[in-house]
Each structure stands twice: as C-alpha cells, then as structure tokens.
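Take a look at the structure set out below.
Coordinate-derived values only; no laboratory data. Quantities reported herein were computed from a predicted structural model and do not represent experimental measurements. Every residue, glycine among them, receives a Cβ derived from its backbone with ideal geometry; neighbour counts consider all protein chains shown.
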Amino acid sequence: MIPYPNIDPVFLRLGPLQFRWYGLMYLLGLAAAYFVIKSRAAAKNIALAREQIYDLIFYAAVGVFLGGRLGYCFFYNFSYYLEHPLKIFAVWEGGMSFHGGLLGTVVVLWLFSRRRGIPPATIADLAATGAPIGLGLGRIGNFINGELYGRPTDVPWCMVFPGGGPQCRHPSQLYEAGLEGVLLFVVVWVLGRYPTPPGTIFWTFIAGYGLSRFVVEFFRQPDLHLGFVLGPFSMGQVLSLPMILLGAFMLAWGFRKRRTEALKL
C-alpha cells in the first residue's frame, strides 16, 4: 500500500476566495492547448492568427463546460435533474461528463470552422492534438480531490482514499492520466508529423480515448447511484464503446478513400 498524499484541494486562499488545484488544471490545460495548436498549425502551414487561436480555445472551453455539465445531467442522473431542473446550474456541487464535454466541443468547433471558413477536419485535428494534455491534467486534479477513485484491490500501489472507506483502492485517476493524457498525446503528436488524411488525428483521439477509458473503467469504482448499467459494464464503458467503433470506422474509411483517390491519378 502507498499512503494517499492528502493534498489540500485549495492551493491558495485570499480571504473568502479559494483557488483550487482542479480549476488550475483546467487553466493549465487550456494554456498548453494554445501552444500545442500554435506549434502544430505552423508545422502544417495552416494560416491561423493568434487571435483566431485564442477564439478557438475559447470556443473549446465553452463546449467543454456546457457540454460536460449537460452531459452529466443527462447521462448520469437524468431523473434527478428532471425533478430538480434548477440544480443543472449548481455547478459548484460538482458533476461533469467527458462524453458530454466532447459532444459540446464538437458542436462549437464546427461553428467556429464555419464562421472562420476553415475546413472542420483541420480544426478538429488541431484541437485533438492538444486535448490529451487537458485530460491528463484533469485526472491529476481528480486525484488531488480524492474523487473518481478505483475499485478495492490488494496491488502493492493501492491507496486508501478519504472518501472511499477503509478499503485500499486502485489509483485509477493516475491510470487515466497516463493513458488518456501522456500516451494518447504521444500517439496523436507523432501521428501528426506524417501526412495523413484530414480528420485522422481527431478520429485517432476519439478511438484512443474510448479504448483508454473502456480499459480503465475495469479498475475504476462505478458511480454509486448507477453501479453497473449493462451487465459488468459501467456507464463510462457504455458511452466509450461507440467512440471506439466510430473512430476505427472513420480511420479505415479515411485511409481507404485516400487510396482510392491515389489510384485514380
């Protein structure tokens, strides 16, 4: 067993104001996304002014927060929020869904691409390159908060989380940070250095996240009010499976289309 570090979720207090690590992780993720998108756009000779990148990050942030909140309300506790609709706005009580945030981000980035006259696949590929950094940092924020911990286990690196009872559990937040954050970023960054069909980075991110989340959910404690929703599978796995299938299909379709076009030349 490894002792849980018990880091104070608040890293700075100024009178009544509290600045939390989790919020800081969001800000760091957005800042990192700016530099990653700027670097990748320059490498690909994509004409994006600094102000356009700022707008892109802003659009993405709006999509993440609105989609994440609405996705949580719809996917994870629909009956409760149907009875208490005003609680949808009580974001200080917690409750965000990655899958909802992804849908929200896709919508707003499509709107951004239409307004700026840039192909949606180009914007999607740029955004997907920076997204894993924010995901990894967000999972570290979950770990600091002691939330979204894993299932009971006896592995040597298990931890006793303050809100998880006396049982030693998988530090599944760190598993997710490693897979959805570090590994997925390396994959999309390296892949982005090669000539690929438009949308390849985005669909690699979609399939890669879905696969990472599906695997980690076997070690993560299911939501208490949901439990397992389909046999041995959690809600996170049910929502991630379509991402794997769709991502794999779109990747295969994109490369097949490029081969077909090359044969016609």
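Using r as the Cβ-Cβ distance of Asp154 and Phe233, and R0 as 30 Å, what FRET efficiency do you calculate, to the nearest 0.05? Walk me through the numbers on the way to the answer.
Values: r = 23 Å, r/R0 = 0.78.
Approximately 0.80, to the nearest 0.05.
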Cα-based Rg and Dmax for segment 6-64, where Dmax is the largest Cα-Cα distance (Å): 15.4, 48
Per-selection metrics, segment 221-265 (Cα): Rg and Dmax in Å: 17.8, 57
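Rg to Rh ratio, the chain, alpha-carbon atoms and Kirkwood radius? Don't skip to the answer; put the middle values down first.
Working: Rg = 19.5 Å, Rh = 19.7 Å.
Dividing the radius of gyration by the Kirkwood radius yields 0.99.
Can you order the peptides 171-182, 219-230, 78-89 by their average number of other Cβ atoms within 10 Å per residue, highest first?
Numbers: 171-182: 21.0, 219-230: 13.8, 78-89: 11.1.
The most tightly packed comes first, giving 171-182, 219-230, 78-89.
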Among Gly254, Leu82, Ile206 - extreme Cα towards positive end, dipole of the chain, charges at beta-carbon: Gly254
3J(HN,Hα) from dihedral phi, segment 25-33, Karplus parametrisation 6.51/-1.76/1.60, rounded to Hz, x for glycine, proline: 4, 4, 5, 5, x, 5, 5, 5, 4
Highest average packing first - 1-14, 50-63, Cβ atoms within 10 Å: 50-63, 1-14
Cys with no candidate disulfide partner in the chain (beta-carbon separation under 4.7 Å rule): Cys73
Table column - 3J(HN,Hα) (Hz), segment 115-123, Karplus curve with 6.51, -1.76, 1.60, x for Gly and Pro: 5, 9, x, 10, x, x, 5, 5, 5
